[in-house]
Amino acid sequence: MVSQSPLIDRFGRKVTYLRVSVTDRCDLRCVYCMAEDMTFLPKRDLLTLEELDRVCSAFVARGVTRLRLTGGEPLVRKGVMTLVKSLGRHLTSGALKELTLTTNGNLLKTFADALADCGVRRINVSLDTLDPDRFRAVTRWGDISKVLNGIRAAQRAGIRIKLNAVALKGVNEDEIPEMIRFAHGEGMDFTLIETMPMGDVEGDRTDHYLPLSLVRERLAQRFTLQDSDYRTGGPARYVTVAETGGRLGFITPLSHNFCESCNRVRLTCTGTLYLCLGQEDAADLRAPLRASEGDEALHAAIDGAIARKPRGHDFVIDRAQNRPALARHMNVTGG
Ligand code: SAM
Ligand code: SF4
């Protein structure tokens, strides 16, 4: 008999949110995320679309109600819509409350209608600047008009969008007020992300580190930031901007602890389950997934993993060594 019991860890936290990286590949190369000449994983190491569906469905059976597909860039995974469509059955059954996606928006125009048809109602689009030249520089070759067209197509399809921007010192810090006005003017929430020390990329990452406490202080001189108790169970803390009426989120993994309310785990595209974004504790789900057609071994591995979910994270940019504290790349873990 396969276990159907909810996933509750040692600290009483119930795991209801799974973030799944469906590929480590991407059609862009954001400077803070990837090296230009990235070596991607061999295809045989990746979970197949069927395996991704099996593992996601196992989590849904255990009480996961929110599922987010990410990457790499989820929309570059060949056949990804087969997976989205298949996972949509859990929305229809009511087991899943939300199926969402984090995307760079580059291919969104092509997929917007199909995503909406599968029951996707909300997506996060990462966009660090509104300036075409800066966008090209940050992403190494991206064309911002594709992203903007993708956003419009998704909105037309009835999908709500949240814009996410990584705050980068000397890159987009002067543009943040304009981006807030743009996002809120288009009916989108806007969230700022502090740079996280993950993966080896060229350049000195500490060069671009911009504490969001400083950004918030500066924004408070221009806008009225009203505290909000809006929460998504994730690391973002929100305020309402009185002047725009829109919601502004701050994700500050380096300077804050948000672990006590953590309800999430992450699955990499190779089937490794990470129990905490900032810790190396992980469990391999690919071997149990491939060991048999039934899901007993998979559920046992999930139980074993959740029992080891750590209390909290351990981020630090090692300024002396100038090395990221975690060697994992964000595109493998899933941002
Ligand atoms: N390709 C998709 C995208 O860009 O939205 C999904 C994957 S991406 C890894 C997810 C999020 O992680 C993006 O918002 C990206 O800006 C963010 N990210 C990547 N590397 C980061 C880093 N070192 N620090 C903070 N955020 C990072
Ligand atoms: Fe690709 Fe997203 Fe990483 Fe940019 S942040 S390189 S779009 S995976």
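The values are calculated or read from the model by the stated rules, or taken from the named source; none is laboratory data. Here the structure is a predicted model, which is why all the values come from computation and not from measurement. All Cβ positions, glycine included, derive from the backbone under ideal geometry; neighbour counts span all protein chains shown. These accessible areas exclude ligands, DNA and RNA; they are computed on the full protein's heavy atoms, side chains included. Shrake-Rupley method; radii C 1.70, N 1.55, O 1.52, S 1.80 Å.
A few remarks follow.
- Taking θ as phi - 60° and the Karplus parameters 6.51, -1.76 and 1.60, the scalar couplings of the range 165-180 work out to 10, 7, 7, 10, 4, x, 10, 10, 5, 6, 9, 4, x, 5, 5, 4 Hz in sequence order, x denoting glycine and proline.
- Tilt relative to the chain, helix 108-117 - C-alpha long axis, 0 to 90 degrees, to 10: 50 degrees
- Under 5 Å, built H, 5+ apart or other chain: amide partners of G246: V241
- The range 121-166 - Kirkwood radius from inverse mean 1/r over Cα pairs (Å): 11.0 Å
- Distant-in-sequence amide H partners of G71 (H built 1.01 Å from N, under 5 Å): V22, G335
- Folded to 0 to 90 degrees: helix 296-306 orientation relative to the chain principal axis, Cα: 40 degrees
- Charge dipole magnitude, Cβ of K and R +1, D and E -1 - the chain, Cα centre, debye nearest 20: 820 debye
- Quarter of the Cα convex hull surface for the range 17-333, i.e. its orientation-mean projected area (nm²): 15.6 nm²
- Candidates per chymotrypsin sites (Phe, Trp or Tyr not before Pro) in the range 1-60, loop by DSSP, up to 16 other Cβ within 10 Å: F11, F40
- Linear extension gain, A35 paired with T82, 0.36 nm per residue minus alpha-carbon span: 13.9 nm
- When DSSP beta bridges are restricted to pairs lying wholly in the range 17-333, around 35% turn out antiparallel.
- Isolated cysteines in the chain, defined as those with no second cysteine Cβ under 4.7 Å, comprise C26, C56, C118, C259, C262, C269, C276.
- With Cα atoms, 0 to 90° folded angle of helix 212-222 axis to the chain main axis: 40 degrees
- Note that the range 79-87 has calculated 3J(HN,Hα) couplings of x, 4, 5, 4, 5, 4, 4, 5, 5 Hz, one per residue in order, obtained from phi through the Karplus relation 6.51 cos²θ - 1.76 cosθ + 1.60 (θ = phi - 60°); glycine and proline are x.
- DSSP loop GluC sites (Glu not before Pro) with at most 10 other Cβ within 10 Å excluded, longest remaining stretch of the chain: 37-201
- In a reduced charge model with +1 at each Lys and Arg Cβ and -1 at each Asp and Glu Cβ, the range 1-95 shows a dipole moment near 440 debye about its Cα centre.
- Per residue, the chain exposes an accessible area of 43 Å² to a 1.4 Å probe, with every protein chain left in place.
- Loop-resident sites, the range 137-193, for chymotrypsin sites (Phe, Trp or Tyr not before Pro), counting at most 11 other Cβ within 10 Å (DSSP): W141
- Per-residue [θ]222 nm for the chain (sum of -39500 (n - 2.57) over DSSP H runs n ≥ 4, rounded to 500): -9000 deg cm²/dmol
- Apolar share of the accessible surface for the range 60-137: 52 percent from carbon plus sulfur atoms, 1.4 Å probe.
- Chymotrypsin sites (Phe, Trp or Tyr not before Pro) within the range 228-308: DSSP coil, no more than 14 neighbouring Cβ in 10 Å: Y230
- Computed lengthening from D229 to D174, 0.36 nm per intervening residue step minus Cα-Cα distance: 17.0 nm
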